[in-house]
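Colleague: Attaching a single structure in structure tokens format; questions to follow.
The values are calculated or read from the model by the stated rules, or taken from the named source; none is laboratory data. Bear in mind that the values here come from a model prediction, so they are computed numbers and not experimental data. Cβ atoms come from the backbone with ideal geometry, glycine included; neighbour counts cover every protein chain shown.
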Amino acid sequence: MMKKIIATSALIATTLLAVPAWAADHQVQMLNKDSEGRPMQFEPAFLKIAPGDTVTFVATDKGHNSESILNMIPEGGETWKGKINEEITVTFTQEGFYAYKCQPHVGLGMVGLIQVGDNPPALATEEVEKLPGRSKDRMAELIAEAEAGGGAEAGAAEGGDAEAAPAAQ
Ligand SMILES: [Cu+2]
């Protein structure tokens, strides 16, 4: 009996160690219109998170899903495929850029980008070029946002965007 309790405790300890104590959950809403009036969008469409964090895709409006885009996630990174109207939570452990889409609205530009870690390798340009319809331009905007150091969530932001500010004065 005691042996079993010890084994269970060890298992729990191992599980806890696998996720950093500061791991945060971030929410991305699936919307018919975002706060800037763009139709069919994720918001925030670009998100910078830390390894071990989770992202929950919330079905705020109906008719959307979230799924990772083939060849636009890091090698060995998490893939996911939510059903229409399904709220899903994805844990990101591997650093890199993860591009994702809403299957019904990808052609309308309903794509998103998650940066895991501070300085992951860029997405392959040729994969961005393959995106259909408006999602190509939308993804380019999100990549530009990532390069500008944007997307830090409130509470997670501690400096880091000083270098991105253009010297316009
Ligand atoms: Cu959609």
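Yes/no per residue for (1) over 23 Å from A148 (Cα atoms); (2) of a type outside the set (A, V, I, L, M); (3) within 16 Å of the ligand (Cβ to nearest atom); (4) not in a loop (DSSP other than H, G, I, E, B):
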site: V55; (1), (2), (3), (4): no, no, no, yes
site: D61; (1), (2), (3), (4): yes, yes, yes, no
site: E75; (1), (2), (3), (4): yes, yes, no, no
site: L113; (1), (2), (3), (4): no, no, yes, yes
site: E126; (1), (2), (3), (4): no, yes, no, yes
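Colleague: Are any residues in the range 118-138 modelled with pLDDT of 95 or more and of a type in the set (G, A, S), and if so, which ones?
Modeller: Within the range 118-138, G133, S135 meet the criteria.
Colleague: Among the numbered criteria (1) under 12 Å from A45 (Cα atoms); (2) in a strand (DSSP E or B), which single criterion is violated by F97?
Modeller: With respect to (1) under 12 Å from A45 (Cα atoms); (2) in a strand (DSSP E or B), F97 is out only on (1).
Colleague: Filter the range 36-53 down to the residues that are within 16 Å of the ligand (Cβ to nearest atom) and touching an Asp or Glu at 6+ places or on another chain (Cβ under 7 Å), then identify the one that is farthest from V116 (Cα to Cα).
Modeller: Q41
Colleague: With surrounded by 14 or more Cβ atoms within 10 Å (Cβ to Cβ), in contact (Cβ under 8 Å) with a residue 24 or more places away in the chain and touching a His at 6+ places or on another chain (Cβ under 9 Å) as the only criterion, which of V55, V116, V106 stands out?
Modeller: V55
Colleague: Which of the residues spanning the range 70-96 are in contact with a helix residue (DSSP H, G or I) (Cβ under 8 Å, 6 or more places away or on another chain) and buried (at least 22 other Cβ atoms within 10 Å of the Cβ)?
Modeller: Hit for the range 70-96 is M72, nothing else.
Colleague: Could you tell me how many of the residues in the range 87-111 are away from the ligand (no atom under 12 Å from the Cβ) and among the charged types (D, E, K, R)?
Modeller: The qualifying residues number 2.
Colleague: Can you list residue pairs whose Cβ atoms sit under 6 Å apart, with the first residue in the range 19-31 being farther than 10 Å from F42 by Cα and the second being buried (at least 20 other Cβ atoms within 10 Å of the Cβ) and modelled with pLDDT of 95 or more? Count only pairs 6 or more apart in sequence or on different chains.
Modeller: Correct list of pairs: A23/D53; A24/D53; H26/L47; H26/I49; H26/V55.
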